[in-house]
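Quick note: the coordinates plus some simple rules give every number you see, no bench work behind them. Just so it is clear, the structure is predicted and the values come from calculations on it, not from any experiment. Glycine gets a Cβ as well: all are built from the backbone with ideal geometry, and neighbour counts include every protein chain shown.
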Amino acid sequence: MQLIDGRHVAAEIRREIYREVENIKARGKKVPHLVAVIVGHDGASETYVAHKDKACREVGFESTIIRLEDTITEAELLEEVDRLNRDGSVDGFIVQLPLPGHISESKVIEAIDPAKDVDGFHPVNIGRMVQGLPCFVPATPAGILELISRYKIPTEGRSCVVVGRSQIVGTPLSILMSRKAYPGNATVTLCHSRTPHIEKYTREADIVVLALGKPGFLTEDMVKEGAVVIDVGTTRVPSKETRSGFRLKGDADFDRVAPKCSYITPVPGGVGPMTIVSLLRNTLQAAKNR
Ligand code: NAP
């Protein structure tokens, strides 16, 4: 069994991006600029945006956080999006989700200029991804593909089961794994909460991707010998062993499943670190495109 070390790969990619930014600077060009818009005071969103800000600075990007109160109206937020679309100093921006209930997330996403949509959530980017055209791929699926390719895990002709069909992870990943490319060329089954007997599918799978948010969901009797398990799940569970009183747990029962696997991602330290690094890559690409 080989552990897929997301922290190591993410650090390697940050170094690669840093070197590219140094080259941009040496040529006297503007460094990439990422803006994150955060509405309200959701704890998880605050943490995530703070991590993005730190990661941007580490690779030499310019980073701006725009904080807006949750009393902002939808029209005001759409105006802010429009301003960022037109701001020539901004290469890419994200609007951190979830948004307060009185604001339509899809309206806001659709208002973002697809050329600056580094989260890859705009329907134009999703459509281009489905058609295999150049686009911004959502950060978590992009990070998973990167892990698969850096570890040279074969995917062609393999069976891949994705559990969870969210718009940010499961659905785009199922499309990417079935496209005619590497990583891809797999035969993909997308399972969700209405799939009866999920074990019937996972047991046959060469690659199992878990993105459902149910800690310990995948047990050792649900995977075959030699399977590749990519665990996206990150759920906070109470813990007596940490100072914070909680720890992150993945969707696989790691200790029991890992011995059967050829490769597996740990939680934390697997897919998680790849997500922000993929956002940085999209931002670098957006800057180059401009
Ligand atoms: P989500 O929006 O939370 O949706 C969960 C998906 O799992 C849904 O499609 C749901 O089915 C399915 N599901 C729920 N219970 C199930 C069950 N018992 N059996 C089969 N399917 C089930 O998905 P998400 O936003 O992708 O998040 C999933 C997990 O990944 C969470 O733990 C999240 O924290 C984590 N995550 C991690 C990263 C990272 O960077 N590491 C990034 C994103 C998400 P229905 O569609 O039928 O409801």
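Descriptive notes on the structure:
- Filtering segment 24-51 to residues that are of a type in the set (Asp, Glu) and either in contact with a strand residue (DSSP E or B) (Cβ under 9 Å, 6 or more places away or on another chain) or closer than 22 Å to residue 287 by Cβ (or both) leaves only 46.
- If you filter segment 172-202 down to residues that are among the basic types (Lys, Arg) and without any contact (Cβ under 8 Å) to a residue 12 or more places away in the chain, you find that the one that is surrounded by the fewest Cβ atoms within 10 Å (Cβ to Cβ) is 194.
- Only residues that are among the polar types (S, T, N, Q) and in a strand (DSSP E or B) were counted across segment 44-73, and they come to 2.
- Test result for residue 115, more than 16 Å from the ligand (Cβ to nearest atom), buried (at least 16 other Cβ atoms within 10 Å of the Cβ) and more than 18 Å from the chain's Cα centre (by Cα): yes
- Screening segment 92-107 for residues that are closer than 17 Å to residue 136 by Cβ and aliphatic (A, V, I, L, M) and picking the one that is surrounded by the fewest Cβ atoms within 10 Å (Cβ to Cβ) gives 97.
- Of all residues in segment 150-196, those satisfying the criterion of being away from the ligand (no atom under 16 Å from the Cβ), among the hydroxyl-bearing types (Ser, Thr, Tyr) and within 23 Å of residue 278 (Cα to Cα) are 151, 155, 178, 182.
- Residue check: residue 269 meets all listed conditions (1) more than 16 Å from residue 150 (Cβ to Cβ); (2) surrounded by fewer than 22 Cβ atoms within 10 Å (Cβ to Cβ) but one, namely (1).
- Residues that are of a type in the set (Gly, Ala, Ser) and farther than 18 Å from residue 186 by Cα were ranked within segment 118-160; the one that is nearest to the chain's Cα centre (by Cα) is 139.
- Total residues in segment 146-171 satisfying the condition of being among the hydroxyl-bearing types (Ser, Thr, Tyr) and free of Cβ contacts under 8 Å to residues at least 40 places away in the same chain: the figure is 2.
Condition check ((1) touching a Ser or Thr at 6+ places or on another chain (Cβ under 7 Å); (2) surrounded by 19 or more Cβ atoms within 10 Å (Cβ to Cβ); (3) not aromatic (Phe, Trp, Tyr)) across all residues:
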position: 119; (1), (2), (3): no, yes, yes
position: 125; (1), (2), (3): no, yes, yes
position: 130; (1), (2), (3): no, no, yes
position: 139; (1), (2), (3): yes, yes, yes
position: 143; (1), (2), (3): yes, yes, yes
position: 152; (1), (2), (3): no, no, yes
position: 155; (1), (2), (3): no, yes, yes
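- Residue list for segment 52-66, restricted to those being over 20 Å from residue 285 (Cβ atoms) and surrounded by 13 or more Cβ atoms within 10 Å (Cβ to Cβ): 65, 66
- If you go through segment 214-251 and keep only what is surrounded by 16 or more Cβ atoms within 10 Å (Cβ to Cβ) and of a type outside the set (Val, Ile, Thr), you end up with 215, 216, 217, 218, 222, 227, 231, 233, 248, 249, 250, 251.
- Verdict on residue 59 being over 24 Å from residue 15 (Cβ atoms), in contact (Cβ under 8 Å) with a residue 60 or more places away in the chain and β-branched (Val, Ile, Thr): no
- Tally, over segment 1-43, of residues that are in a loop (DSSP other than H, G, I, E, B) and either hydroxyl-bearing (Ser, Thr, Tyr) or within 19 Å of residue 61 (Cα to Cα) (or both): 6
- Filtered residue count, segment 222-255, keeping only those that are closer than 24 Å to residue 177 by Cα and within 9 Å of the ligand (Cβ to nearest atom): 6
- Selection from segment 199-221 of residues that are under 25 Å from residue 156 (Cα atoms), touching a strand residue (DSSP E or B) at 6+ places or on another chain (Cβ under 8 Å) and within 13 Å of the ligand (Cβ to nearest atom): 201, 202, 208, 209, 210, 211, 212, 218
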